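Working notes, beginning with the structure itself.
Just so you know, all these numbers are worked out from the coordinates, no wet-lab data involved. As the structure is a computational prediction, the values presented were derived from the model and not from experiment. Virtual Cβ from ideal backbone geometry, glycine too; neighbours counted across all protein chains shown.
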Amino acid sequence: MNIGLVSPYDYAYPGGVNTHISNLAMNMASLGHRVKILAPCSDRRALPKNMPIIELGRTVPYPSNGSTSRLTLSFWLMRKIRGILEEENFDILHFHEPLCPSLPWMVLHYSRSVNIATFHAFYRRSANYRVFHPLLQRFHQKLDGMIAVSEPARKFVSRYFPGDYRVIPHGVDMERFGTKPTYIDQYHDGRLNILFVSRLEKRKGARYLLHAYKKAKHDCPPSRLILVGPGDKQRRNYQRWVTDVNLEDVVFTGHVPYVDLPRYYHTADIFSIPAVGQESFGIVLLEAMAARKPIVATHIDGYANVVTNGVDGILVKPRDERALADALISLANDKDLRERMGARGRAKAETMSWPVIAQRTLDFYQECMGKKR
């Protein structure tokens, strides 16, 4: 098949949707399909190497779900897009967040391919979906097949745009995260390492993890909390608090390149992310599970869709620092429990490797092509 994968987000910036697209592209290409990515780009020097990307438009920051997305508003690209679609003659155009402005809209307008969409987001509500519903409904009706990455994501989009959605989750790179690399020497010193990986945004819950770690620290073996992720303003606030309360053994790494993340997972003993909501899936959970790490996370829809409480991790009520501390203490003091949960998580991750997810997506393409014929 000749496949085009469309992202609304700046491909020069790392993020869950673009990582998803890159992994689909690589795995589909390895199966003999021709794949190209259509995406906006603000800096071609930052693009992943050996990735077939058609760059379409500069980007501007756009507030979204407590974070900032970078989208293109370059509507003058429409003539160029029409020419690209005529030249490439894609069998499948696969749109990720197809109702997000504006590149998916422009490509959908001219598409004569089989149009597939994946919906990644999960919010409590969407003002954009409600206010712009008549416009977005026109694009939604052009879709021949629809995927949601989780049951929460399916329920969210169905509230505004009812339809038949197939749940195909995010995958995990088992070769990258499941193959044991070298440890990070400075943290491989006998201390128990608790790892957090995410942007330092309020909704990701780093504040609650810091408070819980303070409560748990004296009831755990010698330990360390490592927070990996960008967010300069919040990091300064958190660092100030750590200093004010004299909390020792807390490390803020800032942004870590994707290629280096597996070393952090494998150096860790426990992975924890206590986000407060609006998570559709939780890719970092799956990465940690691939590395055989037990999970301590919050019982929110997106995370409960990945982690089974008491089996491969412990889920606690959001914003409950005491419960979070107790879960950390329980795992920190029980190596056998950590290993059992880690092994179960690894087994689950293997069923969600990218080759498996890519094949499920290709099968869905074939199904939709058959229906359109």
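Global size of the range 189-289: 13.0, 36 Å for Rg and Dmax (C-alpha atoms, Rg to one decimal, Dmax whole).
Inter-part distance, the range 247-272 to the range 175-197, computed on C-alpha centroids, equals 7 Å. Hand me the GluC sites (Glu not before Pro) from the range 222-323 located in a DSSP loop with no more than 15 other Cβ atoms within 10 Å, in residue order please. Sparse-neighbourhood loop GluC sites (Glu not before Pro): 248. Which of rounded, prolate, oblate describes the range 175-350, given a ≥ b ≥ c as roots of the alpha-carbon gyration tensor eigenvalues and a/c under 1.5 marking rounded, otherwise prolate only if a/b is larger than b/c? Rounded is the answer for the range 175-350, as its axis ratio a/c remains below 1.5. In the chain, the DSSP beta bridges split such that about 10 percent are antiparallel, to the nearest 5. Between the residues 310, 143, 256, the greatest Cα displacement towards the positive end of the dipole of the chain, with unit charges on the Cβ of Lys, Arg, Asp and Glu, is found for 143. At q = 0.11 Å⁻¹, work out log10 I(q)/I(0) for the range 118-215 with the Debye formula, treating every Cα as an identical point scatterer and leaving solvent out; two decimals please. Debye intensities relative to I(0), on a log10 scale: -0.59. With 0.36 nm allotted per residue and the present C-alpha distance subtracted, the residue 54-residue 366 stretch has 109.9 nm of extension available.
Across the chain, the fraction of Cα-Cα pairs farther apart than 34 Å, rounded to a whole number, is 28%. Altogether, the Stokes-Einstein calculation at 10 °C and 1.306 mPa s, with the Kirkwood radius of the range 122-278 over Cα pairs as Rh, returns a diffusion coefficient of 86 µm²/s. Just so you know, the averaged projected area of the alpha carbon convex hull for the range 124-171 sits at 3.6 nm².
If you fit an axis through the alpha-carbon atoms of helix 232-244 and take the longest principal axis of the Cα set of the chain, what angle between them do you get, 0 to 90°, nearest 10? Helix 232-244 sits at roughly 10 degrees to that axis. Stokes-Einstein diffusion of the range 1-135 at 4 °C, 1.567 mPa s viscosity, Kirkwood radius from Cα pairs, rounded to a whole number: 85 µm²/s. In this Cβ point-charge picture (+1 for Lys and Arg, -1 for Asp and Glu), the chain has a dipole of about 880 debye about its Cα centre. Count Lys and Arg as plus one, Asp and Glu as minus one, and take only other residues whose Cβ is under 13 Å from that of residue 198; the net charge is then +3. Projecting each Cα onto the charge dipole of the range 1-130 (Lys/Arg +1, Asp/Glu -1 at the beta carbon, about the Cα centre), which of 63, 53, 102 comes out farthest on the positive side? Checking the options against the dipole of the range 1-130, the answer is 63.
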